[in-house]
Structures are given as structure tokens and as C-alpha cells.
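Written out below as C-alpha cells is the structure these notes cover.
Taken together, the values in this text are just the output of simple stated rules run on the coordinates, not laboratory data. Note that the structure is predicted; figures quoted are calculated from it, not measured. Here the Cβ is made from the backbone with ideal geometry for all residues, glycine too, and neighbour counts use every protein chain on show.
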Amino acid sequence: MIPFERHVFVCTNRREPDNPKGCCAAKGAEDVRDLLKERVAALGLRGKIRVNAAGCLDQCARGVTLVVYPEAVWYGGVKTEDVEEIVQSHLVGGKPVERLLIVSRRRES
């Protein structure tokens with residue numbers, strides 16, 4: 001089996017509605033994941049790009065959260081309106097969408 005060029009994990013974790021951390025599922029994570037999968041398929045990229053649901057990525061307050069490997073690029077606050085830009089710019093073009101990045105302290109230093 002040939003490895004995927006990119007592997008996208010979308011947090012679809014659910015928490016109780018009164019949890020102060022919130023959760024990605026309540027912010028539309030399943031819609032984001034489904035649309036990503038749809039766009040990847042429509043562009044004929046199955047087998048090159050894989051989109052999966054993930055459990056908690058520990059970025060609840062920044063949800064919907066997703067991460068793209070092998071680059072380890074983290075996105076936060078993703079909405080369905082952002083999916084096409086992520087697909088075209090990053091998944092197809094290789095250029096991360098700067099406005100949605102979650103920048104770690106390690107990267108900032």
C-alpha cells in the first residue's frame with residue numbers, strides 16, 4: 001500500500017453541553033469532516049488524501065480543530081465555509097491557510 005500524501009484528522013469529540021471546554025462536535029465538526037471528504041472525492045484525490053474523524057485533539061476551545069499530516073499543520077475555528085480554501089490551498093497546493101493556523105509556542109520561539 002502506498003502511503004497517503006496527506007492525512008487529515010478532524011476532531012469530532014463530544015462533551016456534555018455544560019462542559020466549560022466545549023467540544024468540536026457542537027461547533028459543526030461532522031459537517032466539516034463530511035464536506036472535506038466530499039471535496040477530496042470530487043477532486044479524485046482518494047488514495048492520495050485521507051480524511052478521518054478523530055477523538056479529542058485537546059484544543060476544545062479552538063474547535064472545530066483539525067490537523068494535517070505529515071506537515072503537522074493544526075487548524076482551529078474551522079467552519080464549512082473554510083473547507084474549500086483548505087482543500088485548494090493546502091491539500092492540493094501545499095500552502096497552509098495562515099488565518100486558521102493554531103501556532104504552537106514551540107513554533108513561535
In debye to the nearest 20, how big a dipole does the chain give about its Cα centre with +1 on each Lys and Arg Cβ and -1 on each Asp and Glu Cβ?
300
Among beta bridges assigned by DSSP with both residues in the chain, the antiparallel ones amount in percent, to the nearest 5, to 55
Spin-label zone in the range 24-53 - amide nitrogen under 15 Å from a point set 7 Å from the Cα of Ala61 along the C-beta vector:
24
Under a crude label model (7 Å from the Cα following the beta-carbon direction), how far is Lys95 from Asp18 in nanometres?
4.8
Aspartates and glutamates with Cα under 15 Å of Lys21, excluding same-chain neighbours fewer than 8 positions away:
Asp58
Using 0.36 nm per residue, how much length does the chain from Gln88 to Glu71 gain when fully extended, once their Cα-Cα distance is taken away?
4.5 nm
Column: log10 I(q)/I(0), Debye, Cα scatterers of the range 25-85, q = 0.24, 0.28, 0.30 Å⁻¹:
-1.09, -1.39, -1.48
Can you list the lysines whose alpha carbon sits under 29 Å from that of Lys48, skipping same-chain ones fewer than 8 residues off?
Lys27, Lys37, Lys79, Lys95
What is the Rg over Rh value, at two decimals, for the chain, using alpha-carbon atoms and the Kirkwood definition of Rh?
0.97
Quick one: helix 29-42 against the long Cα principal axis of the chain, what's the angle to the nearest 10°, folded into 0 to 90?
0
